[in-house]
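Below you'll find the structure, written out as structure tokens, and then a few comments.
The values are calculated or read from the model by the stated rules, or taken from the named source; none is laboratory data. Being a predicted model, the structure only gives us computed values, none of them experimental. With ideal geometry, Cβ positions are generated from the backbone for all residues, glycine too; neighbour counts draw on all protein chains shown. Side chains included, ligands, DNA and RNA excluded: accessible areas come from the protein's heavy atoms. Shrake-Rupley method; radii C 1.70, N 1.55, O 1.52, S 1.80 Å.
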Amino acid sequence: MDEKKYCTAIVLAAGSGKRMGTKVHKQYLLMGGKPVLYYSLRAFEDSRRIDEIILVCGAGEEEYCRQEIVEKYEFSKVHKIISGGVERYNSVWNGLQEVKDGYVYIHDGARPFVDGEMIERAYECVSEYHACVAGMPSKDTVKIADGDNMVTQTPDRSSVWIVQTPQVFDAKLIKKAYAMLMEQKVITVTDDAMVAEQMPGITVRLFFGSYENIKITTPEDLDIAEVFLKRKS
């Protein structure tokens, strides 16, 4: 393998968590006695591949994150804490402004079960393919519906993946792709791979994440996460 590239992890923690139904944002809810956000930061902190972490939080939450997350748990690789934007893509764009050349991992802070092996698989993938996304083959049959909830298509399940984060890119590539995106008047992207896919000649490679690499979105997710955490410990 070529000489190691500088790797930055952008960890997104600016979501409001409306579906969780709590006043506390989902990334700060306690899981196993620690905030949900702690676990993804710990994985990147402990990875030999990651040189720097940029934490993107909600506007006005910077000092809270500094004191109650970064300093409390001694995350030395968190070099910058910046505020996010209205939408996820705004937060990613803000984070990308701070990224050096090399590779960039973009990860949702509400996915606490990213681990060192996944980060390693991502590095091996991006080294060869330049644009990579964690995911897992769908266990369920997926239906495509129209606006009236009528089924229009049933894709072959063997070709359907459920996409996760981290999503990992050559930094120059994803910066250029996001710059193009931000010039558009109507933006409908829901993940970073969609942004990269608009670049001419760019195809995105899937690599295995984990079926446990869930995103904490609803109270039920937190219950499931507690089970996974107990099993790991």
What distance in nm separates the two pseudo spin-label positions at T217 and E183, each 7 Å out from Cα along the beta-carbon direction?
3.2 nm
So what is the relative contact order for the stretch 94-233, in percent, with contacts set as C-alpha pairs under 8 Å and at least six apart?
33 percent
With only alpha-carbon atoms in the gyration tensor, what are the semi-axes of the equivalent ellipsoid for the stretch 89-156, in Å, largest first?
31, 18, 13
If you line up the Cα atoms of the stretch 1-130 on their principal axes, what length do they span on each, largest first, in Å?
47, 30, 26
Could you give the distance between the Cα centres of the stretch 89-112 and the stretch 115-173, to the whole Å?
18 Å
At 4 °C and 1.567 mPa s, grab the translational diffusion coefficient of the chain from Stokes-Einstein with a Kirkwood Rh over Cα pairs, rounded to a whole number in µm² per second.
71 µm²/s
Given the stretch 72-210, what percent of its DSSP beta bridges are antiparallel, to the nearest 5?
75 percent
CD proxy at 222 nm, helix term only [per DSSP H run n ≥ 4: -39500 (n - 2.57); per residue of the chain; nearest 500]
-8500 deg cm²/dmol
So how strong a dipole does the stretch 56-100 carry about its Cα centre when Lys and Arg Cβ are +1 and Asp and Glu Cβ are -1, to the nearest 20 debye?
220 debye
Within the chain, what percent of beta bridges assigned by DSSP are antiparallel, to the nearest 5?
40 percent
What do you reckon, how do H79, H25 stack up by accessible area (1.4 Å probe), largest on top?
H79, H25
State the extension gain, in nm to one decimal, for the chain segment bounded by E98 and E68, taking 0.36 nm per residue of separation less the distance between their alpha-carbons.
8.5 nm
Within the chain, which DSSP H helices have Cα atoms that stretch 15 Å or more along the helix axis and a mean Kyte-Doolittle hydropathy of at least -1.0?
36-46, 116-129, 171-182, 219-232
First compute the accessible area of the stretch 25-70 with a 1.4 Å probe, then give the percent of it belonging to carbon and sulfur atoms.
44 percent
Rounded to the nearest 20 debye, dipole of the chain from Cβ charges on Lys, Arg, Asp, Glu:
220 debye
Calculated FRET efficiency for the pair I224/V86, C-beta based, R₀ 25 Å, to 0.05
0.30
Shape metrics for the stretch 131-229, restricted to C-alpha atoms - Rg then Dmax, Å
16.1, 43
Quick one: which of K77/K215; K26/K230; K143/K230; K172/K232 span more than 29 angstrom between C-alpha atoms?
K143/K230; K172/K232
On a full-extension model of 0.36 nm per residue, what is the gain between D140 and I162, subtracting their alpha-carbon distance, rounded to one decimal in nm?
6.9 nm
Regression test value, accessible area per residue of the chain, probe 1.4 Å, units Å², expected 52 Å²
Inverse of mean 1/r across different Cα pairs in the stretch 40-103, Kirkwood, Å
12.3 Å
